[in-house]
Amino acid sequence: MPSPSHHTQDLRIDSLHGKLFVRIWSPDHLSPSFEQAPIVLFHDSLGCVELWREFPAKLAAITGKSVVAYDRLGFGRSDAHPGELTYGFVGDEAEQAFPTLKDHLGIGEFIAFGHSVGGGMATHCAARHREDCLALITESAQAFVEDRTLEGIREAKLGFQQDGQLERLAKYHGDKARWVLDAWTETWLSPAFAQWSLEAELERLDCPVLAIHGDQDEFGSELHPRQIARLTDGSSRVLLIDGCGHVPHREQPEVVLEAVVQLLR
């Protein structure tokens with residue numbers, strides 16, 4: 001496979017509260033094209049474009065589609081977030097940043113792929129823009145607030161108190177690292193967030209859905225992909241990967257890539 005640098009394009013686009021960093025991967029050495037629905041990636045709570053690593057290049061190569069990823073406001077190479085996250089932040093992505101990205105790049109039809117909380121954001125985007133969303137892929141997504149999720153977050157919060165851990169996060173988020181960590185832990189652990197779920201958005205979907213989950217995911221049980229499939233129509237499929245944790249696209253990328261190819265066929 002050619003080096004990703006041979007077929008990537010980096011952009012910074014204006015949004016309501018600051019600039020968003022965007023990267024586009026194109027199959028082989030082609031220029032970015034959105035004539036065929038691109039795959040749009042939504043990162044996790046501590047994630048950013050760089051932390052997708054080589055997965056988007058592989059995804060573009062194996063599907064023949066352009067792949068688009070962006071850093072949410074406050075993350076990675078995007079501008080700082082102007083304040084604290086609201087408890088509606090998962091759904092806000094479908095109303096604010098994603099339409100800005102879609103309009104700026106001239107994206108019509110698209111395929112949404114979200115990891116962890118990005119899976120919830122991808123679900124909202126698929127429901128809100130259902131006339132253009134051809135398929136939804138969730139990976140390690142949370143469909144509701146589960147005790148297992150909260151316990152995993154509490155353990156991670158303790159881990160970040162150890163020397164050097166916040167500095168590791170700063171490698172990707174710079175001086176926004178503390179905000180990124182608090183936005184994840186304090187929002188999810190707040191009692192005000194306890195009743196959050198994706199139920200209403202899942203019930204609105206009418207596109208094929210693939211719910212990928214590792215059977216050893218420390219941030220959510222297999223109840224989440226089962227819930228996603230149950231609340232969507234008959235074109236939904238659950239892929240539970242044996243011996244896999246919270247990041248299947250890094251731990252077992254070939255399994256994830258093959259499942260995406262099968263879905264898009």
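Values quoted throughout were computed directly from the atomic coordinates according to the rules given, and no laboratory measurement underlies them. Note that the structure is a prediction, hence the values are computed from the model and not measured. Cβ placement follows ideal geometry from the backbone for every residue including glycine, while neighbour counts extend to all protein chains displayed.
Local charge for His7 was computed over the other residues whose Cβ lies under 14 Å away, with Lys and Arg +1 and Asp and Glu -1, and equals 0.
Per-residue extension of 0.36 nm, minus the Cα-Cα distance of Arg250 and Leu169, leaves a gain of 27.4 nm for this segment.
Note on Asp28 and Val261: the extension gain reaches 82.2 nm, defined as 0.36 nm multiplied by sequence separation minus the Cα-Cα distance. The slack between Thr100 and Glu199, meaning 0.36 nm per residue of separation minus the straight C-alpha distance, is 33.1 nm. Approximating the spin labels as points 7 Å out from Cα along Cα→Cβ, the Glu146-to-Glu109 distance works out to 3.3 nm. Count Lys and Arg as plus one, Asp and Glu as minus one, and take only other residues whose Cβ is under 12 Å from that of Gly18; the net charge is then +2.
Placing dummy labels 7 Å off each Cα toward the beta-carbon, the span from Ala80 to Thr8 is 2.6 nm. Taking label positions 7 Å along the Cα-Cβ direction at both Glu155 and Asp92, the computed distance is 3.0 nm, reported to one decimal. Distance from the alpha carbon centroid of the stretch 58-77 to that of the stretch 158-180 works out to 23 angstrom. What the phi angles of the stretch 207-218 give under the Karplus curve with 6.51, -1.76 and 1.60, with θ = phi - 60°, is a coupling list of 10, x, 10, 10, 10, 9, 7, x, 6, 10, 5, 7 Hz, glycine and proline written as x. Centre-to-centre, using Cα atoms only, the stretch 5-26 and the stretch 87-101 are separated by 17 Å.
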